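Quick note: the coordinates plus some simple rules give every number you see, no bench work behind them. Just so we're clear, the structure is a prediction, and the values are computed from it rather than from any experiment. Note that we place each Cβ from the backbone using ideal geometry, even for glycine, and neighbour counts take in every protein chain shown.
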Amino acid sequence: MTKSQALMERVETGTQKTTMKALVFHGPGRRAWEDKPRPTIKDATDAIVRIKTSTICGTDLHILKGDLPAVTDGRVLGHEGVGVVENVGKAVSNFHSGDEVVISCVTACGKCEFCRKGMYSHCKDGGWILGYLIDGTQAEYVRIPHADTSLYALPPGADAEAYTMLSDILPTGFECGVLNGQVKPGDTVAIVGAGPIGLAALLTAQLYSPAEIVAIDLDANRLDVARSFGATSVVDSSDGKAIERVMALTGGKGVDVAIEAVGVPASFDICQSILAPGGRLANVGVHGKPVELHLEKLWDRNITLTTRLVDTITTPMLFKLVQSGRLAPQKLVTHRFALADVMKAYDTFGDAAKQHALKVVLKND
Ligand SMILES: NC(=O)c1ccc[n+]([C@@H]2O[C@H](COP(=O)([O-])OP(=O)(O)OC[C@H]3O[C@@H](n4cnc5c(N)ncnc54)[C@H](O)[C@@H]3O)[C@@H](O)[C@H]2O)c1
Ligand SMILES: [Zn+2]
Ligand SMILES: [Zn+2]
């Protein structure tokens with residue numbers, strides 16, 4: 001970029017400030033709240049969004065564990081948030097400076113082969129890149145590529161915290177868990193992992209009237225929350241006996257749908273061990289290690305195993321359910337921090353059992 005182009009961009013943004021604060025990844029176990037260059041428009045389809053609310057995902061914890069080696073030193077983390085459009089590239093027509101928007105965790109060009117199939121997660125010029133392959137939303141500003149098809153207008157007067165849950169966790173729990181698991185009326189559903197994603201699956205599974213929903217976790221507080229969100233039974237798996245308990249609860253039959261919402265071999269193993277004949281195992285968790293698939297036990301049980309990166313194809317539908325009050329995702333928010341206190345927010349979310357934490361909202365007022 002030439003000097004005059006850089007100056008033009010600054011004039012376009014209407015501001016002379018070129019730095020911002022952001023939560024930056026510096027390799028496994030290392031993160032810092034530090035100065036970064038403020039993002040600017042790179043492509044005509046970009047928008048720059050000033051963050052109002054963001055949050056931390058279980059996936060960010062996987063990144064910090066080193067489970068996702070594609071994340072490089074210096075990356076700004078975060079793929080969820082609500083904000084205000086600061087400025088837009090020349091080709092953006094749906095959004096304008098000042099618009100309040102929900103940022104989708106998945107970037108979609110809307111035009112490529114995968115986008116045309118509704119598989120935005122594998123967009124040839126997008127997919128899940130925010131806070132992963134490009135800088136993300138745990139920052140004062142973020143650049144959103146393909147803004148027209150990757151941002152959603154925040155309904156007037158809407159609760160920004162509730163809609164922050166629409167960036168990722170609601171579509172993820174719903175698409176990867178409930179839709180892929182084909183939850184049907186009368187089904188028995190087990191959800192392994194009662195973190196925000198498992199709880200989002202729990203809330204949205206109830207749209208299909210399953211008969212039983214068993215929530216399984218190691219964290220007694222999260223199990224209490226699961227019960228209050230509609231789980232018909234809960235299983236504390238900290239003694240390693242979850243499989244026996246679920247089999248006893250189902251009269252030895254097993255479950256129709258097992259949703260894996262943790263991302264470790266132990267939780268996958270619970271799921272594959274509790275499936276009834278014809279059962280569906282819907283994996284949601286991000287896995288950093290291989291799992292053992294027991295085909296010697298499963299080959300004749302007519303089961304289905306699915307994996308999915310969230311497509312966010314159901315986001316417009318989920319917006320309507322939140323607007324109507326049919327879904328109330330704000331009840332997942334347990335903690336609020338100023339964005340500048342994001343380091344503390346990570347400590348809280350990373351120690352969720354002791355802190356009784358679910359979603360921690362970061363506010364940049
Ligand atoms: N597929 C996708 O597109 C997608 C999108 C977003 C998040 N994810 C993944 O979904 C998973 C859940 O995300 P989250 O934000 O709820 O994470 P989280 O870390 O807050 O929750 C995970 C829960 O699993 C429980 N747990 C850990 N080990 C367990 C075990 N052996 N048995 C039962 N429970 C156990 C923990 O106590 C915790 O409550 C993560 O792996 C995340 O990376 C996937
Ligand atoms: Zn996420
Ligand atoms: Zn695309």
Item checked: Descending semi-axes in Å of the chain, equivalent ellipsoid built from Cα gyration tensor -> 37, 20, 19
Next item on the list: Rank these for me by crowding, His26, His62, His79, going from fewest to most other beta carbons within 10 Å.
Entry: His26, His62, His79
Check: Between segment 123-180 and segment 284-358, what is the C-alpha centre distance in whole Å?
Finding: 13 Å
Next item on the list: Just tell me which lysines come within less than 27 Å, Cα to Cα, of Lys21; anything on the same chain fewer than 8 places away is out.
Entry: Lys3, Lys36, Lys42, Lys52, Lys65, Lys90, Lys344, Lys359, Lys363
Note to self: Restricting to Cα pairs below 8 Å that are 6+ residues apart, what does the relative contact order work out to for segment 171-307? Please round to a whole percent.
What the structure shows: 25 percent
Notebook entry, point to check: What distance in nm separates the simple spin-label points at Arg301 and Asp73, each placed 7 Å from Cα in the Cβ direction?
Noted result: 4.5 nm
Next item on the list: Would you please give the residues with an amide H less than 5 Å from that of Ile191, counting only those at least 5 places away or on a separate chain, with H modeled from the backbone geometry?
Entry: Val214, Ala215, Ile216, Ile259
Check: Size of segment 171-307 along its principal axes in angstrom, Cα-based, largest extent first?
Finding: 38, 30, 30
Next item on the list: Compute the signed sum of charges (Lys and Arg +1, Asp and Glu -1) over the other residues within less than 14 Å, Cβ to Cβ, of Asn364.
Entry: -1
Next item on the list: Please sort 104-111, 123-130, 30-37, 250-257 by packing, taking for each peptide the average over its residues of neighbouring beta carbons within 10 angstrom, highest first.
Entry: 104-111, 123-130, 250-257, 30-37
Checklist line | Under 21 Å from Lys241, Cα to Cα: lysines that are on another chain or at least 8 residues apart | finding: Lys253, Lys297
Next item on the list: Under 12 Å from the Cβ of Leu309, count the other residues' Cβ atoms, weight Lys and Arg +1, Asp and Glu -1, and hand me the total.
Entry: -2
Margin query: Sort 200-210, 284-294 by the packing proxy (mean of other Cβ within 10 Å over each peptide's residues), most packed first.
Written below: 200-210, 284-294
Check: Order of Ser54, Ser150, Ser324 from fewest to most other C-beta atoms within 10 Å?
Finding: Ser324, Ser150, Ser54
Checklist line | Per-peptide average of other Cβ atoms within 10 Å, ordering 220-226, 277-283 highest first | finding: 277-283, 220-226
Checklist line | Relative contact order [Cα under 8 Å, 6+ residues apart], the chain, whole percent | finding: 17 percent
Next item on the list: Before rounding to the nearest 500, sum -39500 (n - 2.57) across all DSSP H runs of length at least 4 in the chain and divide by the residue total; then give [θ] at 222 nm in deg cm²/dmol.
Entry: -6500 deg cm²/dmol
Notebook entry, point to check: Roughly how many debye, to the nearest 20, is the charge dipole of the chain about its Cα centre, given +1 on each Lys and Arg Cβ, -1 on each Asp and Glu Cβ, and no other charges?
Noted result: 400 debye
